[in-house]
Amino acid sequence: MSPSTCSHTLQTAQKPICSHDVKTIVATARRDGHALYPISKGHNWGYGSRSAVGQDNSIVDLSGMNSIRNADAISLDHPVAVIEPGVTQGQLHAFLCERCPALTFNVTGAGNETSLIGCALDRGVGYFGPRREDLFGLEIVTGTGEVLKTGFRRLGEDSPLAHLHPDGLGPILDGLFFQGNFGIVTSACLRLRPRRPREVAVSLSLHEREDLGELINRLARLKRDGLLTSVTHIGNRARNHSTLTYGIARYLETACGQSPAQALAESEKVLNLIAPNEWASLAAVTGNHGQVRAALREIRQRIGKLARVRVVTDRLLDVGFLVAHALRFLPFARANAAAIDAMRPLHRLALGTPTDLPIQNLMWQYGHPNLNVKEFDSSHCGVLFISPALPLNGAMVMDVAANMERIAEEHGHRLYTTLNIETATSLVAVTNLLFDRSEAEQTDRAYRCADALLTYIHECGLSPYRARVDMMDKIVSPDDPYWQTVRKLKQVFDPDNIIAPGRYNLL
Ligand SMILES: Cc1cc2nc3c(=O)[nH]c(=O)nc-3n(C[C@H](O)[C@H](O)[C@H](O)COP(=O)(O)OP(=O)(O)OC[C@H]3O[C@@H](n4cnc5c(N)ncnc54)[C@H](O)[C@@H]3O)c2cc1C
């Protein structure tokens, strides 16, 4: 089976272990006129995994470049990690737990094995905000083979400013390398975040689905007022149930001795008990004790009538689990123990601890024999993301979400949607289709559905915020002055068009 949700065949991989190797690879590619496709870990699941946009690209697999270059310098007073592309979420999390537990970073729901640099370069979204905002001071081997350092890293690694002043002096070039194909990033500075004295997760369960627009408008005001600092993730029922089912069934099987069939049947009941509504959200509220108390008071006042507001701490979950688990011979207690066991990793995710659970859940749903996330690309689970950016306007979000749902239903699909409120004025509707990749009919239908959804998004005057490799030709246009300018920049940084041809650029 192909290594991704897209259709290109497996390309050969080169595995550099240092920036110098990358320079050599680029020089050779220029000389021989062959194209390169850089990956950090290649887990761009749902957007193309390791697949390039065009055929016959040679993969530059940077996963072996995985050092935290300034490991000894990182502290609460120096909250910046200089990382290489192969550094994963799991690796950085383990490093910080051991060496500097007072710091954390902006985690995503894509599990321990995914990279920080690759995800940020494709403008991924974490629980604390867009990953683009975390990365600066890039070191890049451009398509000309030159090494470019942005910000004040250009002053040299020994400069006191090198890793601490994100913008440097003069035009800020960093933006060109996010969703760009001008070079291969070989290291970058990553902003770390101090842990706050009080960190809680807040979950909201919307009583009436018709109130989604109003909920979004109220959350938007909370965001603009500075009371919600993290990204609020509002998931639809399909998404929330899908993410929780595996954890619930696992508990029922392992802790209650149920058969897989019994556990599956009972997990349906548990889900209807704990997540009965169409829309439910999760966000982190962090600060000092007074700040968190004030924010929670405002959230309850402004949202309390629309949604059930629950404030969740690790301690609350731990105590609740202990009690429910002890009484698991009672159906209600068992349901709660199973629910808490499934939700615990997701609440921790909102507060900065990566988890493989969302990926394992998909592998489990598609009957993969083991749940090693490194094997996700060889599982039968097909994922296609079609994720529009939207203004933070409740009525419009509801309208677009309903029409996308209708289009999916016309193709025999349900949509898995998370509305991520990531800025004070916009959100991204991270939306995916799931299908069995071993079934040709299902695969074709999923791609047709994804195309129809993209056409609809364009008809609304909107755009995806991030593109799958197989849809690049549908998002760039030779008639658009914007993309013409991006292509001209390619002449400057990569005149032979050897780096990821066609990725967020005209071919
Ligand atoms: C269940 C599920 C949950 C997910 N949750 C999230 C989420 O919460 N947030 C999110 O953002 N994504 C999410 N994803 C999508 C995706 O899996 C992640 O974004 C993942 O981090 C991307 O893989 P990677 O880090 O290995 O990047 P890669 O696959 O290595 O790279 C991503 C892109 O950047 C380019 N690139 C990578 N490294 C370099 C480099 N050094 N120089 C130049 N270009 C480079 C690659 O060519 C590729 O196009 C999810 C996917 C699934 C299936």
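The values are calculated or read from the model by the stated rules, or taken from the named source; none is laboratory data. Small disclaimer: the values here were computed from a predicted structure and weren't measured. Cβ atoms come from the backbone with ideal geometry, glycine included; neighbour counts cover every protein chain shown.
Matching residues to (1) part of a helix (DSSP H, G or I); (2) closer than 19 Å to residue 341 by Cα; (3) among the hydrophobic types (A, V, I, L, M, F, W, C):
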| position | (1), (2), (3) |
| --- | --- |
| 201 | no, yes, yes |
| 276 | no, yes, no |
| 281 | no, yes, no |
| 298 | yes, no, no |
| 302 | yes, no, no |
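Taking region 146-169 as the region of interest, how many residues are hydroxyl-bearing (Ser, Thr, Tyr) and surrounded by 14 or more Cβ atoms within 10 Å (Cβ to Cβ)? Let's see the steps before the verdict.
Let us first name the residues in region 146-169 that are hydroxyl-bearing (Ser, Thr, Tyr), namely 150, 159.
Still in the list and also surrounded by 14 or more Cβ atoms within 10 Å (Cβ to Cβ): 150.
Selection size over region 146-169: 1.
Would you check if there is a residue in region 353-368 being outside the structural domain of residue 462 (by TED's automatic domain parsing), of a type in the set (Asp, Glu) and either surrounded by 14 or more Cβ atoms within 10 Å (Cβ to Cβ) or on the phi > 0 side of the Ramachandran plot (or both)?
Yes - at least one qualifying residue is present in region 353-368.
Regarding region 326-339, can at least one residue be identified that is at pLDDT 95 or above, part of a loop (DSSP other than H, G, I, E, B) and within 22 Å of residue 416 (Cα to Cα)?
There is no residue in region 326-339 that is at pLDDT 95 or above, part of a loop (DSSP other than H, G, I, E, B) and within 22 Å of residue 416 (Cα to Cα).
If you take the residues in region 17-28 that are within 14 Å of the ligand (Cβ to nearest atom) and within 14 Å of residue 499 (Cβ to Cβ), which one is surrounded by the fewest Cβ atoms within 10 Å (Cβ to Cβ)?
23
I need every pair where a residue in region 86-112 that is within 14 Å of residue 191 (Cβ to Cβ) and within 16 Å of the ligand (Cβ to nearest atom) has its Cβ under 6 Å from the Cβ of a residue that is of a type in the set (Lys, Arg) and at pLDDT 95 or above, sequence separation at least 6 or different chains.
104/193; 104/195
Assigned to a loop (DSSP other than H, G, I, E, B) and buried (at least 19 other Cβ atoms within 10 Å of the Cβ) - does that describe any residue in region 482-490?
The answer is no, given that none of the residues of region 482-490 is assigned to a loop (DSSP other than H, G, I, E, B) and buried (at least 19 other Cβ atoms within 10 Å of the Cβ).
State yes or no: is residue 103 crowded, with 20+ Cβ neighbours inside 10 Å, within 30 Å of residue 361 (Cα to Cα), in the same structural domain as residue 30 (by TED's automatic domain parsing) and touching a Leu at 6+ places or on another chain (Cβ under 6 Å)? Steps first, please.
On the way: crowded, with 20+ Cβ neighbours inside 10 Å: yes; within 30 Å of residue 361 (Cα to Cα): yes; in the same structural domain as residue 30 (by TED's automatic domain parsing): yes; touching a Leu at 6+ places or on another chain (Cβ under 6 Å): yes.
For residue 103, the condition - crowded, with 20+ Cβ neighbours inside 10 Å, within 30 Å of residue 361 (Cα to Cα), in the same structural domain as residue 30 (by TED's automatic domain parsing) and touching a Leu at 6+ places or on another chain (Cβ under 6 Å) - is met.
For region 177-230, how many residues meet the condition of being of a type in the set (S, T, N, Q), within 30 Å of residue 15 (Cα to Cα) and surrounded by fewer than 19 Cβ atoms within 10 Å (Cβ to Cβ)?
Residues flagged as of a type in the set (S, T, N, Q), within 30 Å of residue 15 (Cα to Cα) and surrounded by fewer than 19 Cβ atoms within 10 Å (Cβ to Cβ) within region 177-230 amount to 1.
Would you check which residues across region 113-138 are of a type in the set (D, E, K, R), more than 7 Å from the ligand (Cβ to nearest atom) and over 10 Å from residue 41 (Cβ atoms) and list them?
123, 132, 133, 134
For region 270-289, give me the residue count where each residue is surrounded by 14 or more Cβ atoms within 10 Å (Cβ to Cβ) and out of contact with any His (no Cβ under 8 Å at 6 or more places or on another chain).
Our first condition is that a residue be surrounded by 14 or more Cβ atoms within 10 Å (Cβ to Cβ); within region 270-289, this holds for 270-271, 273-275, 277-287.
Restricting the remaining residues to those that are out of contact with any His (no Cβ under 8 Å at 6 or more places or on another chain) gives 270, 273-274, 278-280, 284-287.
Total satisfying the criteria: 10.
Among the residues of region 376-385, is any within 16 Å of the ligand (Cβ to nearest atom), closer than 17 Å to residue 459 by Cα and under 14 Å from the mean Cα position of the chain (by Cα)? Steps first, answer last, please.
Going residue by residue through region 376-385, those that are within 16 Å of the ligand (Cβ to nearest atom) are 376-385.
Still in the list and also closer than 17 Å to residue 459 by Cα: none.
No, region 376-385 contains no residue that is within 16 Å of the ligand (Cβ to nearest atom), closer than 17 Å to residue 459 by Cα and under 14 Å from the mean Cα position of the chain (by Cα).
Please go through region 449-473 and give me each residue that is within 16 Å of the ligand (Cβ to nearest atom) and part of a helix (DSSP H, G or I), ordered by number. Steps first, please.
At the first step, the residues of region 449-473 found to be within 16 Å of the ligand (Cβ to nearest atom) are 450, 464-473.
Result: 450, 469, 470, 471, 472, 473.
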